[in-house]
1. Give all pairs with beta carbons closer than 8 Å in which a residue from region 118-129 that is at negative phi and open to solvent by 50 Å² or more (accessible area, probe 1.4 Å) meets a residue that is in a strand (DSSP E or B) and of a type in the set (G, A, S); count only pairs at least 6 apart in sequence or on separate chains.
2. Mind checking which residues of region 106-117 are part of a loop (DSSP other than H, G, I, E, B) and touching a strand residue (DSSP E or B) at 6+ places or on another chain (Cβ under 7 Å)?
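The values are calculated or read from the model by the stated rules, or taken from the named source; none is laboratory data. Values in this document were obtained by computation on a predicted structure and should not be read as measured data. Please note: Cβ atoms are built from the backbone with ideal geometry, for glycine as well, and neighbour counts cover all protein chains shown. Note: areas computed on protein heavy atoms with side chains; ligands, DNA, RNA excluded. Shrake-Rupley method; radii C 1.70, N 1.55, O 1.52, S 1.80 Å.
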Amino acid sequence: CAAFHPSEDLIVSASLDQTVRVWDTTGLRKKQLGGPVGAEGGYPGMTDINGNRGTSAAAATALNVQAELFGTNDVVVKYVLEGHDRGVNWAAFHPTLPLLASAADDRQVKLWRMSETKAWEVDTLRGHANNVSCCLFHPKQELVVSNSEDRSIRVWDVSKRVGVQTFRREGDRFWILAAHRSQNL
């Protein structure tokens, strides 16, 4: 899973290597807004198939192909968060605070805090009896909602860090959650 930050140039990703990574995409945004355009309106050092230096769409395409093949520093890992004991299935940003939540096969939901220079684990929400598939922050209230292969959806109070409600449906399984940005849905 990967998710965009609601207001910053960040992406969070969850991985089966038991980590959560926060990626800084500032370089990519800057490149999209105004790439390395030279004085002639082209891309310096690039030559198109007609021998024209840095002035054509072909030169731009070649530059993009090169970046895709060999990688660039447009997106860099800002933080690697370690703390889960099994693969991480989901990660989500808080809509307004510098917080993250992650859900993993270790049956836990973890809360993480970010500053400009580091990120660290704040707490662990325990209560699911099987792999936690997904988690999210409620857009208007200080709640985390998570679902698990134990056939439950749990609601957690972020400030008290305790479960406040459990919904269980023995005949159903829940894999992914979504919340409306402005309504209580």
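1. Taking only residues 6 or more apart or on different chains, the pairs are A129/S148; A129/S152.
2. Taking region 106-117 and keeping what is part of a loop (DSSP other than H, G, I, E, B), we get 106-107, 115-117.
Of everything in region 106-117, just one residue is part of a loop (DSSP other than H, G, I, E, B) and touching a strand residue (DSSP E or B) at 6+ places or on another chain (Cβ under 7 Å), namely R107.
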